[in-house]
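Presented below is the structure to which this report refers.
Quick note: the coordinates plus some simple rules give every number you see, no bench work behind them. As the structure is a computational prediction, the values presented were derived from the model and not from experiment. Reconstructed Cβ throughout: ideal geometry from the backbone, glycine too, with neighbour counts over all protein chains shown.
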Amino acid sequence: MDEELLLADRLGVIRTANEKYDLEHNAYLSFSGGKDSTILHHLLDMALPNNNIPRVYIDTGIEYNAIRKFVMKLAEKDKRFVIIKPSKPIKQTLEQYGYPFKSKQHSHNIAIYQHKGMSKTIRVYLGLDKTKTGKEAVLNRCPKQLEYNFTKDFKIKCSELCCKKLKKEPSERWAKANNKTIDLTGMRSEEGGARRNLGCIITNKDGSLHKFHPLVKVDEEWEEWFVEKEKIELCELYYPPFNFKRTGCKGCPFALDLQEQLSIMEIYLPQERKQCEIIWKPVYDEYRRIGYRLNKTEQMKLF
């Protein structure tokens with residue numbers, strides 16, 4: 001499918017969803033300030049001219065300064081932008097619920113182990129037990145290098161809950177208070193991981209629409225084409241000298257390209273780099289100690 005056909009298809013999907021579920025009265029856009037949500041912001045206006053769908057941004061305190069500045073600039077000109085904050089700051093959230101380590105699934109499993117010990121779920125994850133079908137879950141297996149996370153020697157309190165507490169729950173509270181039942185997001189299946197099998201339409205048991213992902217089918221190439229065609233302004237982090245592929249929470253330990261992110265920040269965003277070192281210190285220290293995602297020798301040149 002070429003670019004113009006895919007654009008027509010996505011516009012049609014949005015219009016059809018609006019006719020069926022009344023997006024203009026029931027939905028809100030989860031706006032991160034990144035490329036995907038910025039594209040969806042413009043795509044919605046193309047599909048539904050003059051819509052009043054709120055663009056909800058969660059000011060977590062760990063977004064890149066440039067992202068926050070970009071969103072605030074949009075909010076000055078567009079009353080549809082809503083800025084909300086989580087109930088607790090990042091440091092308090094991490095201390096209470098635990099730090100992210102490797103991935104959401106891995107962190108979730110560490111939390112299970114730290115609360116309940118060696119359960120069936122953890123034994124399967126470590127390859128000690130077979131799955132119910134008798135096949136080993138190779139793709140979902142704990143890396144050998146990180147098996148020690150499931151021993152008493154590993155002291156970092158971990159969980160996958162920081163995203164939920166800092167973003168999902170504040171968003172849901174706002175949605176409930178404002179009678180918005182449909183969450184519009186810029187998620188794409190091409191991003192992989194848990195999003196690999198993402199559906200465009202996610203409904204509740206009663207058939208009502210719960211989440212809507214209009215960009216699920218598009219790829220990076222199409223996004224570049226659309227941004228150029230519509231002359232869309234993105235956050236400065238997507239342009240030289242930064243050239244970020246994606247943004248999100250700065251310095252998040254879940255990032256596969258974490259070392260690359262920090263190296264760019266060290267040159268162009270040194271104060272934010274220092275903030276990352278403070279926020280994620282226990283995880284960064286451990287990553288460096290074992291040579292996972294971060295260089296072992298890097299702590300020698302910090303600050």
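Quick notes
- Of all aspartates and glutamates in the structure, those lying under 17 Å Cα to Cα from K168, and not within fewer than 8 positions of it along the same chain, are D59, E63, E160, D183.
- Entries in K85/K229; K211/K250; K88/K205 that, when Cα-Cα distance is taken, lie over 30 Å: K85/K229; K88/K205
- Here is the size of the range 145-265 from its Cα atoms: Rg then Dmax, 18.1, 55 Å.
- As a rough footprinting exposure proxy, the listed residues Y292, Y287 were ranked by other beta carbons within 10 Å of their own, and the order from fewest upward is Y292, Y287.
- A Stokes-Einstein calculation at 37 °C with viscosity 0.692 mPa s, built on the Kirkwood radius of the range 227-292 over Cα pairs, returns a diffusion coefficient of 252 µm²/s.
- Under 5 Å, built H, 5+ apart or other chain: amide partners of D129: V124
- Calculated FRET efficiency for the pair H25/E224, C-beta based, R₀ 30 Å, to 0.05: 0.35
- Taken over the chain, the alpha-carbon convex hull comes to 160 cubic angstrom per residue.
- Overall dimensions of the range 1-102, expressed as equivalent-ellipsoid semi-axes from the Cα gyration tensor (√(5λ), whole Å, largest first), are 30, 16, 14.
- Going from the fewest other Cβ atoms within 10 Å to the most, the residues R288, R10 appear in the order R288, R10.
- Residues whose amide H falls under 5 Å from that of F81, counting only those 5 or more places apart or on a different chain, are R55, with hydrogens built in the peptide plane.
- ³J(HN,Hα), Karplus 6.51/-1.76/1.60, whole Hz, each residue of the range 108-122, x for Gly, Pro: 4, 5, 4, 4, 4, 4, 5, 9, 10, x, 6, 8, 4, 4, 6
- Sequentially through the range 242-256, phi angles give Karplus couplings (6.51, -1.76, 1.60; θ = phi - 60°) of 6, 6, 5, 7, 7, 10, x, 5, 5, x, 4, x, 6, 5, 5 Hz, Gly and Pro residues having no value and appearing as x.
- Residue among K245, K168, K144 with the largest mean-square fluctuation in a Gaussian network model of the chain, springs linking Cα atoms under 10 Å: K144
- Taking every DSSP helix (H) stretch of at least 4 residues in the chain, weighting each as -39,500 (n - 2.57) and dividing the sum by the residue count yields a mean residue ellipticity at 222 nm of -12500 deg cm²/dmol.
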